[in-house]
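Trainee: What follows is a structure written as structure tokens; I'll ask about it next.
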Amino acid sequence: MVRRSRSSGRNPGAVRLGRGFGLLAVLGIVLALAGIVGLVYVGVATLTTMLLFGWLLLIGGVVGLVHAVQSRGSGFFWLAAIVAALNIAAGVVVLRRPDASAAALTMFAALLFLTGGLFRLAGAVVVRGPQFGWTLLQGVIGILLGILVLANWPHSSLYVIGCFFSLALLFDGLGLFAMGVGGRRVVGMVEQRGVA
């Protein structure tokens, strides 16, 4: 009853919106904490990431196979069935051999860093646009990351994927937290302006 009288003068839509932004901030805190824990235990984060990736491939393959069977009269049945079978096979391989899968994905990431860095570097030199310095810096950082990962491969596969996944969780969590806090602040300002 106290809650009802306290919020009786407030707009119910603004209250729900404020709660939604509050939940977004809490989710951001949880993700940021998970990212910090993952950075502390990078090996466990790599293994967890590979197992999660394997299960996602397996479940996606099964769902795709069910969808292919349901649409067997269409012209895309065989393509959908082949893609689903490849997803199931890849999921089984990743779940059975997460260490070898992590090594392969780490090699792929290193090559991606190298090629992306080279293309950014070449593009910055050729185009010389307004963001020349930043594009050049991104290219150099990409090349350096690729070289660092490849120089220590396959040992780097024990920590690279877990480190990247944990950093992504941390920064996504911080972004969600900032969005939630900022959203609640904006809702409060709009509500105060509406009351005034």
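The values are calculated or read from the model by the stated rules, or taken from the named source; none is laboratory data. All of these numbers come straight from a predicted model, not from anything done at the bench. Glycine gets a Cβ as well: all are built from the backbone with ideal geometry, and neighbour counts include every protein chain shown. For the accessible areas, the whole protein counts, side chains as well, though only heavy atoms, and no ligand, DNA or RNA atoms are used. Shrake-Rupley method; radii C 1.70, N 1.55, O 1.52, S 1.80 Å.
Trainee: Please tell me the relative contact order of the chain in percent, rounded to the nearest whole number, where contacts are Cα pairs under 8 Å and at least six residues apart. Intermediate results must be reported in sequence, preceding the final value.
Mentor: Details: 244 pairs, mean separation 76.2, N = 196.
Over the chain, the number comes to 39 percent.
Trainee: Could you compute the net charge surrounding Phe21? Neighbours are other residues with a C-beta less than 12 Å from the C-beta of Phe21; K and R count +1, D and E count -1.
Mentor: +4
Trainee: Pairing the Cα long axis of helix 77-96 with the longest principal axis of the chain, what angle in degrees results, from 0 to 90 and rounded to the nearest 10?
Mentor: The angle comes out near 90 degrees.
Trainee: How do 156-166, 118-128 rank on mean C-beta neighbours within 10 Å, highest first?
Mentor: 156-166, 118-128
Trainee: Using unit Cβ charges (K, R positive; D, E negative) and no other charged atoms, how large, in debye to the nearest 20, is the dipole of the chain about its Cα centre? Don't skip to the end; give the middle numbers.
Mentor: Numbers: 14 positive and 3 negative charges, 200 e Å.
Here the chain has a charge dipole of around 960 debye.
Trainee: Does anyone have the angle between helix 160-195 and the longest principal axis of the chain? Alpha-carbon axes, 0 to 90°, nearest 10?
Mentor: Rounded to the nearest ten degrees, it is 20.
Trainee: Need the full-extension length gain, Arg72 to Leu174, defined as separation in residues times 0.36 nm minus the C-alpha distance. One decimal, nm.
Mentor: 32.2 nm
Trainee: Tell me, what % of the accessible area of the chain is carbon and sulfur with a 1.4 angstrom probe?
Mentor: C and S fraction of accessible area: 74 percent.
Trainee: Between Leu33 and Arg96, what is the label-point separation in nm under the 7 Å Cα-to-beta-carbon projection?
Mentor: Each label point is offset 7 Å from its Cα along the Cβ direction, giving 3.9 nm.
Trainee: Right, something else. Could you provide, to the nearest whole Å², the per residue accessible area of the chain with probe 1.4 Å?
Mentor: Each residue of the chain exposes 68 Å² on average to a 1.4 Å probe.
Trainee: First measure r as the distance between the Cβ atoms of Leu112 and Arg19, then evaluate 1/(1 + (r/R0)^6) with R0 = 45 Å and state the FRET efficiency to the nearest 0.05.
Mentor: Values: r = 40 Å, r/R0 = 0.90.
It comes out at approximately 0.65.
Trainee: Ok, one more. Consider the candidate values (1) 123; (2) 241; (3) 104; state which one is volume of the Cα convex hull per residue in Å³ computed from the structure displayed.
Mentor: Structure-derived value, by its label: (2).
Trainee: Once you put a point 7 Å from the Cα of Phe119 and another 7 Å from the Cα of Val181, both along the Cβ direction, what distance in nm separates them?
Mentor: Calculated label separation equals 3.7 nm.
Trainee: Quickly work out the Val26-to-Leu86 label distance, labels modelled 7 Å from Cα along the C-beta direction, and quote it in nm with one decimal.
Mentor: Those two pseudo-labels are separated by 4.2 nm.
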